[in-house]
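The values are calculated or read from the model by the stated rules, or taken from the named source; none is laboratory data. Quick caveat, the model's predicted, so the values are computed rather than measured. Cβ sites come from the backbone with ideal geometry, for glycine too, and all protein chains shown count toward neighbours.
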Amino acid sequence: MNSNQFVKKLSQMIFVSAGLLFAVTFSVCPMSCRSSVENLELLSGDFSVPKITKFCATSSNSARIDFSREVELKNTELFLSDEISSMGNVECKYEENTVLLEFKNETAIGIDYKIEGMAFDSAGNSLTFSVPFKGFNSNPAKVIITELRNAYGTRTIKETKERLHRSEFVELYVLKEGNLSGLEIISAANGDKTKFILPAIEVKKGDYVTLHMRTIVAEGLDGEGMFNELENNLKLSTHEDSCDTARDLWSECTKKPFAASDIVVLRNSNTSEILDAVVFAKSDCTEWKKGISDFASIVSESGVWQDGASVENAVCCDNVTPTATTRSLSRQNLKEAIAAYKNGQPIVNGKDCWIVAKTATPGYKNSDIPYVKK
């Protein structure tokens, strides 16, 4: 076979192969594509995971969890927050979207615990959860806010050149003895970022408790003299604004705890109930920022601030500044509040109950001398 005949024969073989390939491809592809579409099975239903919408301890040996839908819990156990070993299984009772939990062992006031388990909805979707909480406070103290300084400042002593630092603080007065566990001070502007959760401390009627809202680390202080008075030694804290006859507690926060115009709230961290509040604003503030406005609505609904927590009903705080931290916002109706609580009447609080006092008195009886700008 010469070269011309070889090329001709090879061309014929390639043409035949190409034809066969085209025929096979044409016959298989349409059938294959049609078959895939016809046999494709689309799954339908809700594949979202159930969510926890609320949790609260209801007694020393019980709690409740609200879910976004009805669920069944499995492998639910109680733990100390820093322990691996379980304190026992948790008994569950169901009421629609709510699960009532009963513990085999009682929890202790203020101790950190966690509940772990799995929640399954009717479609088989599951949620593995771990919920931290503090042991239930069966004897909560009744306290109100009586003084507040919303500014941080320094001053220099001429003789020694020593620089004194004054931090923001909130003063509480105890109307009924009990434990402070579960209470928290929170700023509407900053939320959880700078909130102060009070420790489990027993207090007596008539006590003052000063919450210093930041630990000062400027100029190498590193918290010098800023000690939490958790026991009976009320002289332990020695930093500026500490009081030897009242309890001083220091927040671990090192940042600005309040905004210039803000709402500071005392609330039950377990139930989110608003217990008291102070609403203050600069004179040039015409409306709350979004985060604060949300809190303002909640405070207004609670009724703890007379006539609602609007900017118009805020205490003017123009004269409490970083260069004037000897002043404070001072509540003036403590006697009336004590009498109202004793008689089971609502405690009045609002713009007219407060002044800018010339002298801050954390831990002591409030000054009734207002600051008057000259």
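Which members of region 221-271 meet the condition of being more than 25 Å from the chain's Cα centre (by Cα) and surrounded by fewer than 16 Cβ atoms within 10 Å (Cβ to Cβ)?
Scanning region 221-271 gives L221, D222, E224, G225, E231, N232, N233, K235, T238, D244, T245.
When C285 is evaluated against the numbered criteria (1) assigned to a loop (DSSP other than H, G, I, E, B); (2) surrounded by fewer than 17 Cβ atoms within 10 Å (Cβ to Cβ), which criterion, by number, is the only one it fails?
Against the list (1) assigned to a loop (DSSP other than H, G, I, E, B); (2) surrounded by fewer than 17 Cβ atoms within 10 Å (Cβ to Cβ), C285 comes up short only on (2).
Taking S300 and the conditions (1) surrounded by 17 or more Cβ atoms within 10 Å (Cβ to Cβ); (2) among the hydroxyl-bearing types (S, T, Y); (3) touching a residue at least 12 places away in the same chain (Cβ under 8 Å), which numbered condition does it fall short on, given that it satisfies the others?
(3)
So A151 passes all but one of these: (1) touching a Cys at 6+ places or on another chain (Cβ under 9 Å); (2) in a loop (DSSP other than H, G, I, E, B); (3) outside the structural domain of T210 (by TED's automatic domain parsing). Which condition number does it fail?
Evaluating A151 over (1) touching a Cys at 6+ places or on another chain (Cβ under 9 Å); (2) in a loop (DSSP other than H, G, I, E, B); (3) outside the structural domain of T210 (by TED's automatic domain parsing) leaves (3) as the failure.
If I filter region 264-276 for residues that are farther than 24 Å from P199 by Cα and either touching a Phe, Trp or Tyr at 6+ places or on another chain (Cβ under 6 Å) or of a type in the set (G, A, S) (or both), do I get at least one hit?
Looking through region 264-276, none of the residues is farther than 24 Å from P199 by Cα and either touching a Phe, Trp or Tyr at 6+ places or on another chain (Cβ under 6 Å) or of a type in the set (G, A, S) (or both).
Just one of (1) surrounded by fewer than 13 Cβ atoms within 10 Å (Cβ to Cβ); (2) closer than 30 Å to T286 by Cα; (3) at pLDDT 95 or above; (4) among the aliphatic types (A, V, I, L, M) trips up A339, so point out which.
(2)
Quick one: how many residues across region 99-129 are farther than 25 Å from L183 by Cβ and of a type in the set (V, I, T)?
Looking only at that region, the number is 2.
With respect to the numbered conditions (1) exposed (fewer than 15 other Cβ atoms within 10 Å of the Cβ); (2) part of a loop (DSSP other than H, G, I, E, B); (3) within 24 Å of the chain's Cα centre (by Cα), which one is the sole condition not fulfilled by D294?
The number of the failed condition is (2).
Restricting attention to region 223-232, does a residue exist that is over 30 Å from G135 (Cα atoms), touching a residue at least 12 places away in the same chain (Cβ under 8 Å) and either touching a Leu at 6+ places or on another chain (Cβ under 8 Å) or of a type in the set (V, I, T) (or both)?
no
Among A337, A360, which is the only one that is assigned to a helix (DSSP H, G or I) and not acidic (D, E)?
A337
Of everything in region 114-142 that's free of Cβ contacts under 8 Å to residues at least 40 places away in the same chain and out of contact with any Lys or Arg (no Cβ under 7 Å at 6 or more places or on another chain), which residue is nearest to V304 (Cα to Cα)?
So, considering only residues that are free of Cβ contacts under 8 Å to residues at least 40 places away in the same chain and out of contact with any Lys or Arg (no Cβ under 7 Å at 6 or more places or on another chain), the one nearest to V304 (Cα to Cα) is K114.
Within region 51-86, take every residue that is of a type in the set (A, V, I, L, M) and surrounded by 15 or more Cβ atoms within 10 Å (Cβ to Cβ) and give me the one that is nearest to S122 (Cα to Cα).
Filtering region 51-86 for residues that are of a type in the set (A, V, I, L, M) and surrounded by 15 or more Cβ atoms within 10 Å (Cβ to Cβ), the one nearest to S122 (Cα to Cα) comes out as V71.
So which of E102, E96, E159 is out of contact with any strand residue (DSSP E or B) (no Cβ under 9 Å at 6 or more places or on another chain), over 30 Å from V320 (Cα atoms) and surrounded by fewer than 16 Cβ atoms within 10 Å (Cβ to Cβ)?
Only one candidate qualifies: E96.
Enumerate the pairs (first residue in region 79-91 and assigned to a strand (DSSP E or B); second residue anywhere and among the hydrophobic types (A, V, I, L, M, F, W, C)) with beta-carbon separation below 7 Å, excluding pairs fewer than 6 apart on the same chain, so at least 6 apart or on different chains.
F79/M87; L80/M87
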